[in-house]
1. Hey, does the stretch B:280-290 have a residue that's surrounded by fewer than 16 Cβ atoms within 10 Å (Cβ to Cβ), assigned to a strand (DSSP E or B) and modelled with pLDDT of 85 or more?
2. Looking for something more than 19 Å from A:Ala152 (Cβ to Cβ) and part of a helix (DSSP H, G or I) - is there at least one such residue anywhere in the stretch A:68-77?
3. Failed condition for A:Thr94, given (1) in a helix (DSSP H, G or I); (2) within 14 Å of chain B (Cβ to nearest Cβ); (3) of a type outside the set (A, V, I, L, M), with all others met?
4. Suppose we keep only residues that are buried (at least 20 other Cβ atoms within 10 Å of the Cβ) and among the β-branched types (Val, Ile, Thr) within the stretch B:185-221. Which one would you say is farthest from B:Thr305 (Cα to Cα)?
5. Give me a count of the residues in the stretch B:100-120 that are within 13 Å of chain A (Cβ to nearest Cβ) and either surrounded by fewer than 19 Cβ atoms within 10 Å (Cβ to Cβ) or in a loop (DSSP other than H, G, I, E, B) (or both).
6. Taking the stretch B:229-265, which residues are open to solvent by 40 Å² or more (accessible area, probe 1.4 Å) and hydroxyl-bearing (Ser, Thr, Tyr)?
7. Tally up the residues in the stretch A:149-167 that are among the polar types (S, T, N, Q) and open to solvent by 30 Å² or more (accessible area, probe 1.4 Å), please.
8. Among the candidates B:Leu160, B:Leu123, B:Leu128, B:Leu139, single out the residue that is in contact (Cβ under 8 Å) with a residue 40 or more places away in the chain, surrounded by 20 or more Cβ atoms within 10 Å (Cβ to Cβ) and either under 26 Å from the mean Cα position of the chain (by Cα) or away from chain A (no Cβ under 13 Å) (or both).
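The values are calculated or read from the model by the stated rules, or taken from the named source; none is laboratory data. These figures come from a predicted structure and were not determined experimentally. Here the Cβ positions follow ideal geometry from the backbone for every residue, glycine too, while neighbour counts run over all protein chains shown. Heavy atoms of the whole protein, side chains included, go into the accessibility calculation; ligands, DNA and RNA do not. Shrake-Rupley method; radii C 1.70, N 1.55, O 1.52, S 1.80 Å.
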Amino acid sequence: MHIVERNVRAYGNQLFGLLSAFFEPVLYFFSIGIGVGMLVGDVTTAGGQSVSYRSFVAPGLMAVAAMNGSIFDTTFNFFMKLRMAKTYDAVLATPMGVHDVAAGEVVWALSRGSLQALAFLVVMAAMGLIESVWALFALPAALLIGMAFAGAGLAAATWIRSFVDFDYIALALIPLFLFSGVFFPLSRYPDAVGSVVAVTPLYQGVELLRGLVLGEVGPGLLINVAYLAIMGLGGMRIAGVRLGRLLQP
Amino acid sequence: MSMEEPLVMARGLTKKFGDFEAVSGIDVQVERGDVFGFLGPNGAGKSSTMRMIGCVSPVSAGRLRVLGLNPRDEGPAIRARLGVVPQEDNLDNDLSVGDNLTIYGRYFGLPRAVIKERAAELLEFMQLAERRDARVEALSGGMKRRLTIARALINQPDLLLLDEPTTGLDPQARHLLWERLYQLKLRGVTLVLTTHYMDEAEQLCDRLVIMDRGHIVAEGSPRELINRHSTREVVELRFNSMEDREHSVPRLADLSGRVEPVGERVLVYTDNGDATVSAITSNGVHPAAVLVRRASLEDVFLILTGRTLDE
């Protein structure tokens, strides 16, 4: 966990970055959730409830906050330290190993991501959008989403060779953001498209948080949990192996 | 480990990258308290050897023991007792000078109070105390290198590995660094370094190996190597052009010493420089400049490989 300590020292004074990352989903919420929400009326959820559009969108945006919070650190910042600053070459000359580095970066990223998710949860509570006591589990769920995307981001970033390659990350994130059921339910899609979306990662997070916040809890959520856990742990593992190949040839 | 066991012991040590063999079955032994050098041109396999000793690069073949342990199974335990100064500065630019030491100490799992005490002492020793709060980017090349060495000493290592410690530094910074490294030697720290500067090897090393294309071509103290492989003195003849040189070389053939053409220069190895200079002049050879000097490790390398160190 010394990597986390290093990052606290290095980025601890960059509170502004944290703040702006927090405002992004909040601004989306006010614009789409409330603004557009006034035009669209109520939405029927997968569980059959009819809820206001803002209640529908808020948990989805919380999942986005958890994803965005962890993806920047594990892709851009990680790439900088790996390829540009050679930070890990120095770290690996100590007793620390490649898997310690991967685990440390994931914990750091998800702690930032969950801080943003927590802030978003507070906003939701203040707006009276928490419908269920299950929402208590929304924070650990956001941690899980953060871990999933941190692990995957870290693994992906080991293949990034230059700044141009970041376009691929953006290319993956933007459709995830727009089409993972954050803004409208999956039932709006033709069946074929819907079943593709159903296996994408952000959708798991959206389903999980929406289920918890709106109190639609069932065994289906366990599949979302397992998916995200495997994605995070698998990504972390791959990242460690890749780091070994890149830094310890 | 017993006191007699060498700090580094390699037998037939080999490193391959695909089909390319960077290190070809070398034998090395470093004893406690030594300053041990790997001298050779770029690409000789020095850095690959250092990375294997530093337990960040797996051994392809042969046997390697560092601090009496096997790097394959006990890498973290070995690295806990090593200090590493890499060729390329990899200080943490996101941290201040002082925090670079603090966080590095934390990677070793040292308690903060211990680190604080050692960091203050090391910054003093490396003449960086007043730069403690500075950003790393603001330091000069020599200061960065000194900070990298201070960082490598935070865990009080048994063995300090330095890869090309003064490459890229100006002469003044080099001399300051040599002096600090000499102080470390006096404190009993065992140093292993690589260099392609023969003056650095002569200044610092008790014992060294000369490496070329993955092989060790000679081993001993700097003085032994010069005595064994070279004559006492060297006459350097400098010509104005390659043609002048070509004309002159046949007329140097009957000199008793070995003759090595290097670019527009010709080196004549001899035990009596002045007598050789007279003989050259009476043979009718008139170079643009003549210099008589003592033989160096550079000459040993040239004699053994037919090439210069900076080629």
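1. First, pick out the residues of the stretch B:280-290 that are surrounded by fewer than 16 Cβ atoms within 10 Å (Cβ to Cβ): B:281-284, B:286, B:288-289.
With the extra rule that they be assigned to a strand (DSSP E or B), the set shrinks to B:289.
Filter once more, keeping what is modelled with pLDDT of 85 or more: B:289.
Within the stretch B:280-290, one or more residues are surrounded by fewer than 16 Cβ atoms within 10 Å (Cβ to Cβ), assigned to a strand (DSSP E or B) and modelled with pLDDT of 85 or more.
2. The answer is no; no qualifying residue exists.
3. Failed condition: (1).
4. The residue in question is B:Thr190.
5. Residues that pass the stated criteria total 5.
6. B:Ser256, the sole residue that qualifies.
7. Residues meeting the conditions: 1.
8. Numbers: B:Leu123 fails: in contact (Cβ under 8 Å) with a residue 40 or more places away in the chain; B:Leu128 fails: in contact (Cβ under 8 Å) with a residue 40 or more places away in the chain; B:Leu139 fails: surrounded by 20 or more Cβ atoms within 10 Å (Cβ to Cβ).
It is B:Leu160.
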